[in-house]
Each structure stands twice: as structure tokens, then as C-alpha cells.
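Comments concern the structure below.
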Amino acid sequence: MAKERKSCLRCKKDIKQEELHKIVMYVVQNEFTEHHYEHVECPEKFTV
């Protein structure tokens with residue numbers, strides 16, 4: 001089974017499997033964008 005490589009949208013670093021992270025999706029013109037990943041506690045940056 002191939003592992004999906006995840007990188008943080010905020011800090012651009014790779015997210016390791018054991019690190020807490022969240023999936024982020026945006027709505028643009030009533031359509032969902034593709035999903036992105038962020039660290040839960042990304043340094044100096046925070047998305048609600």
C-alpha cells in the first residue's frame with residue numbers, strides 16, 4: 001500500500017504519520033476545493 005505524502009499548507013514541511021494534523025478544504029463558488037493538510041499546532045500560523 002503506497003503512503004500518501006502530506007505537506008503542511010502553512011509551513012510547507014512534511015507531516016509525519018505520528019504528527020497531529022487536520023484536513024483543510026475551502027468553498028469557492030459553492031464548490032469544495034481539493035483538500036490540503038495543516039499541522040494542528042503549526043508554528044506562528046493558525047487557520048480557523
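The values are calculated or read from the model by the stated rules, or taken from the named source; none is laboratory data. None of the values given here were measured: they were computed from a predicted structure. Quick reminder, even Gly has a Cβ in these numbers, built from the backbone with ideal geometry, and neighbours come from all protein chains shown. Remember, those area values only see protein heavy atoms, side chains included, never the ligands or the DNA or RNA. Shrake-Rupley method; radii C 1.70, N 1.55, O 1.52, S 1.80 Å.
Looking at the range 18-28, which of the residues that are modelled with pLDDT of 85 or more and part of a loop (DSSP other than H, G, I, E, B) is farthest from His39 (Cα to Cα)?
Of everything passing the filter in the range 18-28, Glu18 is farthest from His39 (Cα to Cα).
Which ones in the range 24-40 are over 12 Å from the mean Cα position of the chain (by Cα) and either at positive phi or loosely packed, with under 10 Cβ neighbours inside 10 Å (or both)?
Val27, Val28, Gln29, Asn30, Glu31, Phe32 - these are the residues of the range 24-40 that are over 12 Å from the mean Cα position of the chain (by Cα) and either at positive phi or loosely packed, with under 10 Cβ neighbours inside 10 Å (or both).
How about the range 6-17: which of its residues are part of a strand (DSSP E or B) and either open to solvent by less than 60 Å² (accessible area, probe 1.4 Å) or more than 11 Å from His39 (Cβ to Cβ) (or both)?
Those that are part of a strand (DSSP E or B) and either open to solvent by less than 60 Å² (accessible area, probe 1.4 Å) or more than 11 Å from His39 (Cβ to Cβ) (or both): Ser7, Cys8.
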